[in-house]
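K.L.:
Can you read through this structure? Questions will come right after.
The values are calculated or read from the model by the stated rules, or taken from the named source; none is laboratory data. Being a predicted model, the structure only gives us computed values, none of them experimental. Positions of Cβ are backbone-derived with ideal geometry, glycine not excepted, and every protein chain shown enters the neighbour counts. With ligands, DNA and RNA removed, areas are computed over all heavy atoms of the protein, side chains included. Shrake-Rupley method; radii C 1.70, N 1.55, O 1.52, S 1.80 Å.
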Amino acid sequence: MVSTFEETHGFAPGCNEVHVADEDDRCAARDYARESLGFHDLLTFYESIGEVILSDVGNGYFIHSARDVLHRLAEEGYVFIPQADDFHGMVIGSDGGGILFVADWGGAIHRSRTASLDEAEFDRVADDLPEFLDLLRRSVARFVETGEPGYL
């Protein structure tokens, strides 16, 4: 995507990276594991991946670092997801337009309908993290092929 981005879009690409977890990231992942809403798939992810930044795919897609997830949780508390089996969740990612991706206790991933969490409504986009990551992968592939990421 990055190698042909400027030719395709007429301007240089921004930051599009998958950061490998360093020791600080793995320490934050261990802190995440102690969180009551933490689930195994995301812990496994954070042991290897520090964060994902795809600023040029559509509006952008971001999987926040474990450190950022825990910081936001400490500052703002749990996210209320009325449609989830367990109503409590934590923000694990976002897009460049302010839409949030929230993981519930069971590991399902929900997408906010608006950029605000005040009385937010959510749509379940994936039953688990592997499915969410596959949706993200398909969005990148679609963006490379058509210039449109589709709906995630």
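K.L.:
How far is helix 66-76 tilted, in degrees, relative to the longest principal axis of the Cα atoms in the chain, given as a value from 0 to 90 rounded to the nearest 10?
P.N.:
Relative to the chain, helix 66-76 is tipped by roughly 60 degrees.
K.L.:
Right, next: Could you look at segment 74-152 and say what percent of its accessible area is carbon and sulfur, using a 1.4 Å probe and all protein chains? Numbers along the way, then the final one.
P.N.:
Details: 2050 of 4140 Å².
Carbon plus sulfur share of accessible area: 49 percent.
K.L.:
Sorted by accessible area with a 1.4 angstrom probe, largest first, how do Phe62, Phe101 fall? Spell out each step's value before the answer.
P.N.:
Numbers: Phe62 55, Phe101 0 Å².
Sorted by accessible area, descending: Phe62, Phe101.
K.L.:
Then there's this: Based on the alpha-carbon gyration tensor of segment 1-56, what equivalent-ellipsoid semi-axes (square roots of 5 times the eigenvalues) come out, in whole Å, largest first? Don't jump to the answer; show the numbers that get you there.
P.N.:
On the way: eigenvalues 206, 21, 12 Å².
Ellipsoid half-lengths, sorted descending, are 32, 10, 8 Å.
K.L.:
Let me ask another. Need one value: the accessible area of Met1 in square angstrom, 1.4 angstrom probe, rounded to the nearest 10.
P.N.:
For Met1, solvent-accessible area is about 50 Å².
K.L.:
What does the convex hull of the alpha-carbon atoms of the chain project to on average, in nm²? Mind showing how you got there, number by number?
P.N.:
Numbers: hull surface 34.8 nm².
Result: a mean projected hull area of 8.7 nm².
K.L.:
What Kirkwood hydrodynamic radius, in Å, does segment 64-105 give when the mean of 1/r is taken over all pairs of distinct Cα atoms and then inverted? Show your work: numbers first, answer last.
P.N.:
Numbers: mean 1/r = 0.0949 Å⁻¹.
Answer for segment 64-105: a Kirkwood hydrodynamic radius of 10.5 Å.
K.L.:
Oh, and also: Cβ under 12 Å from Pro13's Cβ, Pro13 left aside: what net charge do those residues give with Lys, Arg +1 and Asp, Glu -1?
P.N.:
-4
K.L.:
For segment 42-86, what value does the Rg/Rh ratio take when both radii are computed over Cα atoms and Rh is the Kirkwood radius, given to two decimals?
P.N.:
On the way: Rg = 12.9 Å, Rh = 12.4 Å.
Rounded to two decimals, Rg/Rh equals 1.04.
K.L.:
Something else: At 1.4 Å probe size, put Ser139, Ser116, Ser48 in order of accessible surface, largest to smallest. Before the final figure, lay out each step's value.
P.N.:
On the way: Ser139 0, Ser116 45, Ser48 65 Å².
My answer, sorted largest first, is Ser48, Ser116, Ser139.
K.L.:
Filter the chymotrypsin sites (Phe, Trp or Tyr not before Pro) in segment 1-33 to those in DSSP coil with at most 14 other Cβ atoms within 10 Å of their Cβ, and list the result. If you can, show how the numbers build up before the last one.
P.N.:
Working: sites: Phe5, Phe11, Tyr32; in loops: Phe11.
Passing sites in segment 1-33 are Phe11.
K.L.:
Which value, in Å² rounded to 10, gives the accessible area of Tyr78 with a 1.4 Å probe and all protein chains present?
P.N.:
Solvent-accessible area, nearest 10 Å²: 100 Å².
K.L.:
Now, a different point. Along Cα→Cβ, 7 Å out, is where each label goes; now give me the distance between the ones at Thr8 and Asp134 in nm to one decimal.
P.N.:
Each label point lies 7 Å from its Cα, and together they span 2.3 nm.
K.L.:
So, one more: Specify the longest stretch of the chain that does not include any exposed loop site, a site being one of the trypsin sites (Lys or Arg not before Pro) with a non-H, G, I, E, B DSSP assignment and at most 14 other Cβ atoms within 10 Å. Walk me through the numbers before you get to the answer.
P.N.:
Details: sites that count: Arg34, Arg113.
In the chain, the maximal stretch lacking such sites is 35-112.
K.L.:
Separate question: In square angstrom, rounded to the nearest 10, how much accessible surface does His40 have for a 1.4 Å probe?
P.N.:
130 Å²
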